[in-house]
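Student: One structure coming up, written as structure tokens, with questions to follow.
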Amino acid sequence: MRKLSLALLIFFCALTALAQDDLAKTFDSLTKNRTGIPYGNNKATGKYYHLRGINMYAESYGKGQPLLLIHGNGGSITHFVHQLPYFSQQYKVIVADSRAHGKTADAGDSLSYEMMADDYAALLDAMKIDSVYVIGWSDGGINALLLAMRHPKKVKKLAITGANLWPDTTAVYHEVVQMVRPPYQSLKSKDTRTAQEQTAFKLLRLLVEEPRIATSSLQKISVPVMVMGGDHDVIKPEHTMLIARSIPQSYLWILPNSGHSVPIVYRDQFNRAVSDFFARPYRKLEKEGRFF
């Protein structure tokens, strides 16, 4: 399972110009928690919410307007170690382990982005929260887009990075597709799988077969969206641009010299830019006659 875990890790945390053998070690270093707060395992604030057939684990930090953080494929609460201290100074930050991730176990045979988006809507209902600002990273960005589409009243503003609308090579680089497909096919061909293999199979299936979001459906998103990605992301920059252009109220930010781990490698710039986006009214420059 070591090769399978590494494949997942490379997909959602690929860093520019790093050898694969050093990637896991580098990722661990970059996500080191220096706050002393046990994010992802905090008995003081962590709680399970029984909803939609699962016990969803969530934590909350800070006070103010609610802000929901949604992690990527194979991730967990701990992957927002650089966002939680920053945003909890101004917001009530809600962060959870998605279905089949971290402490949120899922014994079901199937898993989809739509299921996870609906889970987050149900979580907000369980927490008696009407609407939130949202940050979504990688698959979390896909979940965030679907949350805004399927539950529009739940989202105030949305910031996503490293998301895609479909899984083929018009959106994702060929090398990435070739990397995740073999372990997926290997697990798919098994007659029986261990519990760990079944979870890995469900996560890999998402990468290989989903999502399937039409650009026309993004027109349903009525709130401002900040669409981000790295210029060396696993998602092609032109696909990130397509997402931004398909959303009625959007900003686009492609970070130079950056891979898929914008919230980690460029955490200071990312945090400031997203915070500013949430705080300021959306501007439609061409309607204002200003192109600067």
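The values are calculated or read from the model by the stated rules, or taken from the named source; none is laboratory data. Just so you know, these numbers come straight off a predicted model, no measurement behind them. Backbone-built Cβ (ideal geometry, glycine too); neighbour counts: all protein chains shown. Heads up: the accessible areas ignore ligands, DNA and RNA and are worked out on the full protein's heavy atoms, side chains in. Shrake-Rupley method; radii C 1.70, N 1.55, O 1.52, S 1.80 Å.
Student: With all protein chains present, how much of the accessible area of region 26-127 (probe radius 1.4 Å) comes from carbon and sulfur, to the nearest whole percent?
Tutor: Reported share for carbon and sulfur atoms: 48 percent.
Student: Could you work out the relative contact order of the chain, using alpha carbon pairs under 8 angstrom and six or more residues apart, expressed as a whole percent?
Tutor: 18 percent
Student: Over the chain, what is the percentage of antiparallel beta bridges among all DSSP beta bridges, to the nearest 5?
Tutor: 30 percent
Student: Oh, and also: Per residue, how much accessible area does the chain have with a 1.4 Å probe, in Å²?
Tutor: Numbers: 13230 Å² over 292 residues.
For the chain, the solvent-accessible area averages 45 Å² per residue.
Student: Looking at this model, which pairs from LYS63/LYS156; LYS157/LYS236; LYS63/LYS153; LYS63/LYS157; LYS32/LYS63; LYS32/LYS284 are more than 28 angstrom apart at the alpha-carbon? Don't jump to the answer; show the numbers that get you there.
Tutor: Numbers: LYS63/LYS156 17 Å; LYS157/LYS236 24 Å; LYS63/LYS153 21 Å; LYS63/LYS157 18 Å; LYS32/LYS63 24 Å; LYS32/LYS284 39 Å.
Pairs exceeding 28 Å: LYS32/LYS284.
Student: With charges set only on the Cβ (+1 for Lys and Arg, -1 for Asp and Glu), what does the dipole of the chain come to about its Cα centre, in debye to the nearest 20? Show your work: numbers first, answer last.
Tutor: On the way: 35 positive and 26 negative charges, 159 e Å.
Taking the Cα centre of the chain as origin, the dipole is about 760 debye.
Student: How much of the accessible area of region 221-288, probe 1.4 Å, is carbon plus sulfur, in whole percent?
Tutor: The nonpolar share, carbon plus sulfur, comes to 50 percent.
Student: What share of Cα pairs, in percent, lie more than 12 angstrom apart in region 146-199?
Tutor: 76 percent
Student: Given R₀ = 25 Å, what would the calculated FRET efficiency be for GLN90 paired with LYS284, taking r from the Cβ atoms and rounding to 0.05?
Tutor: 0.45
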